[in-house]
Amino acid sequence: MSEEARRVFDSMDALGKIADPTERARALGEVLKALPARNKALKEARREAVAELMERPGASLRSVGAELNLSFSTVQDILRGYSGSGTKRPKADEPPTE
């Protein structure tokens, strides 16, 4: 895990260790309320980063997938903006949904 990701998770873990239950509940509520928008922004930032990787000379879905420890189909889904479960993946003739 990257150092940046570890710091984020350490901070999240610290929320659960706040001694005062009122303060802990409020802090956790604030984070939970903001998560949907943050999650969407993180997914878009990841999509942009993967798109940058795909712009490199000789890049392919498989090479980028290997670099990120992902399958080529997951890389493809990220580029399409799709992040749902495999059972809800759009059919080939259906437009992707968010």
Item to check | Cross-chain or 6+ apart pairs with Cβ under 7 Å, the range 1-25 first and under 20 Å from LEU42 (Cβ atoms), then of a type in the set (A, V, I, L, M) and surrounded by 10 or more Cβ atoms within 10 Å (Cβ to Cβ) | outcome: LEU15/ALA27; LEU15/LEU28; LEU15/VAL31
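Regarding the range 10-24, can at least one residue be identified that is surrounded by 10 or more Cβ atoms within 10 Å (Cβ to Cβ) and not in a helix (DSSP H, G or I)?
Let us first name the residues in the range 10-24 that are surrounded by 10 or more Cβ atoms within 10 Å (Cβ to Cβ), namely 11-12, 14-15, 18, 23-24.
Among the residues that remain, those that are also not in a helix (DSSP H, G or I) are: 18.
Checked the range 10-24: at least one residue is surrounded by 10 or more Cβ atoms within 10 Å (Cβ to Cβ) and not in a helix (DSSP H, G or I).
Which residues, counting only those in the range 21-69, are of a type in the set (S, T, N, Q) and more than 17 Å from SER2 (Cβ to Cβ)? Walk me through it before giving the result.
Applying the first criterion (of a type in the set (S, T, N, Q)) to the range 21-69 yields 22, 39, 60, 63, 69.
Passing the criteria: THR22, ASN39, SER60, SER63.
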Next on the checklist: For the range 47-61, give me the residue count where each residue is part of a helix (DSSP H, G or I), more than 13 Å from the chain's Cα centre (by Cα) and surrounded by 12 or more Cβ atoms within 10 Å (Cβ to Cβ).
Outcome noted: 4
Next on the checklist: For the range 70-98, which positions are under 18 Å from ALA5 (Cβ atoms) and at pLDDT below 90?
Outcome noted: SER83
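The values are calculated or read from the model by the stated rules, or taken from the named source; none is laboratory data. Since the structure is predicted, the reported quantities are computational estimates derived from the model, not experimental observations. Ideal geometry is used to build each Cβ from the backbone, glycine not excepted, and the neighbour counts take in all protein chains shown.
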